[in-house]
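First up is the structure itself, then whatever we jot down about it.
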Amino acid sequence: YEHNDILPRSPGTRTPEYLALNPNGRVPTIEDDDFVLSESMAINMYLARKHNSPLYPKDLRNEARMWQWSLWETDRLDRQVTTYANHTTALPEAQRDKAVADAAWAEIEPAFNVLNGALSKARWLAGYAVTVADLNVAGARRRCLAMDLSRWPAFAEWLAGRWARPAAKKARAMREG
């Protein structure tokens, strides 16, 4: 494959060539011969299934769990954690709004409880081995590495383990420089 290092919200996402592939102007996007796909979780599922990876569950129920957790993450945590991080640490202090951060936290806390509960019962989100669900949820939760997760020990241990893998370290280094 050929990797084009285009950062989120960079000028590279606004070129006519890139917008022809992904009109949303967001990363990532892949071109697989004549097939173009965007959205990281969809890309992960597609590539795992296409290449018959053990990351894509063969069992229908575990496949459904993979989808469940991946979709759950985008609904229950993705925007909420970003909003919380922006209004507690990422934005300049003058632009932070405590009420916005508190409202985001009010949604994050019960979601962390759900995730911690699931990971207290099973090592992985979708079956008896790591799957795209673990990759998708942990990948999207990179910002949580800087959060105090001591109230959610199963989640904290699982997240640290997912990000301790060599491939995850490499991806994080590419993203953070």
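The values are calculated or read from the model by the stated rules, or taken from the named source; none is laboratory data. What you see is a predicted model; the values in this text were computed from it and never measured. All Cβ positions, glycine included, derive from the backbone under ideal geometry; neighbour counts span all protein chains shown. Remember, those area values only see protein heavy atoms, side chains included, never the ligands or the DNA or RNA. Shrake-Rupley method; radii C 1.70, N 1.55, O 1.52, S 1.80 Å.
Here are the numbers for this structure:
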item	result
Signed unit charges on C-beta, dipole axis of the chain, positive-most listed residue His3, Thr83, Val114	Val114
Value at 222 nm in deg cm²/dmol, rounded to 500, when DSSP H runs of n ≥ 4 in the chain each add -39,500 (n - 2.57)	-16000 deg cm²/dmol
Portion, in percent, of the accessible area of the stretch 34-177 that falls on carbon or sulfur, probe 1.4 Å	54 percent
Value of relative contact order over the stretch 119-177, rounded to a whole percent, pairs C-alpha under 8 Å and six or more apart	28 percent
Within the chain, longest stretch free of exposed trypsin sites (Lys or Arg not before Pro) [DSSP loop, at most 11 other beta carbons within 10 Å]	59-150
Mean Kyte hydropathy of -0.5 or more with a Cα span along the axis of at least 30 Å, helices from DSSP in the chain	98-121
Full-stretch length increase - Arg9, Lys169 - with 0.36 nm per residue and alpha-carbon distance subtracted	55.4 nm
Hydrodynamic radius by Kirkwood, which averages 1/r over all alpha carbon pairs of the chain, in angstrom	17.6 Å
Per residue solvent-accessible surface (Å²) - the stretch 33-169, probe of 1.4 Å	58 Å²
Test item: Cα-centred dipole of the stretch 30-124, Lys/Arg +1 and Asp/Glu -1 on Cβ, debye	540 debye
Gyration tensor verdict on the stretch 111-177 (Cα atoms; rounded if a/c is under 1.5, prolate if a/b is larger than b/c, oblate otherwise)	oblate
Set of lysines with alpha-carbon distance to Lys170 below 27 Å, sequence-local pairs under 8 removed	Lys50
Net charge dipole size for the chain [Lys, Arg +1 and Asp, Glu -1 on Cβ; Debye, nearest 20]	560 debye
FRET E, pair Glu17, Asp75, Förster distance 41 Å, beta-carbon r, rounded to 0.05	0.80
Once exposed loop chymotrypsin sites (Phe, Trp or Tyr not before Pro) are cut out (DSSP; at most 16 other Cβ, 10 Å), longest piece of the chain	2-127
